[in-house]
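Note sheet for the following structure.
The values are calculated or read from the model by the stated rules, or taken from the named source; none is laboratory data. Just so it is clear, the structure is predicted and the values come from calculations on it, not from any experiment. Counting neighbours? That spans all protein chains shown, and the Cβs are built from the backbone with ideal geometry, glycine included. To get the accessible areas, we keep the full protein, side chains included, count just its heavy atoms, and leave off ligands, DNA and RNA. Shrake-Rupley method; radii C 1.70, N 1.55, O 1.52, S 1.80 Å.
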Amino acid sequence: MDKEIKFSLSSDSIENLKVFSEILKKDVNTILNEALENYFEEAQKILMEKNLEDENAMTNLDFNEFWDDVDI
């Protein structure tokens, strides 16, 4: 993927990147890549949970109706 993506960061974010880069002894690109990886993982979890909730919402039976004739 050789497309260029343009984005801007606030001055606070840039300053934090510089500070954390020095503290963690990591370059800014590594910090940004790690942050994006974490973001994508969390977003994927949220989407998966939402899909599961949507699937569960598809039933029109309540708890008692579902388990009514089940003998344990």
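For a straight C-alpha distance cut-off of 22 angstrom, the lysines reachable from Lys18 (same-chain residues fewer than eight places away being disregarded) are Lys6, Lys26.
Ile46 to Phe20: FRET efficiency via 1/(1 + (r/R0)^6), r the Cβ-Cβ distance, R0 25 Å, to the nearest 0.05? After rounding, the FRET efficiency stands at 0.50. Here's the list of aspartates and glutamates a cross-link from Lys45 could span, going by alpha-carbon distance under 16 Å and ignoring same-chain residues fewer than 8 apart: Glu37, Glu53, Asp54, Glu55. Ranking of Ser21, Ser8 by solvent-accessible surface, largest first: Ser8, Ser21 (1.4 Å probe, protein heavy atoms only, all chains present). Among the protein heavy atoms, those of Lys45 account for about 110 Å² of accessible surface (1.4 Å probe, every chain in place).
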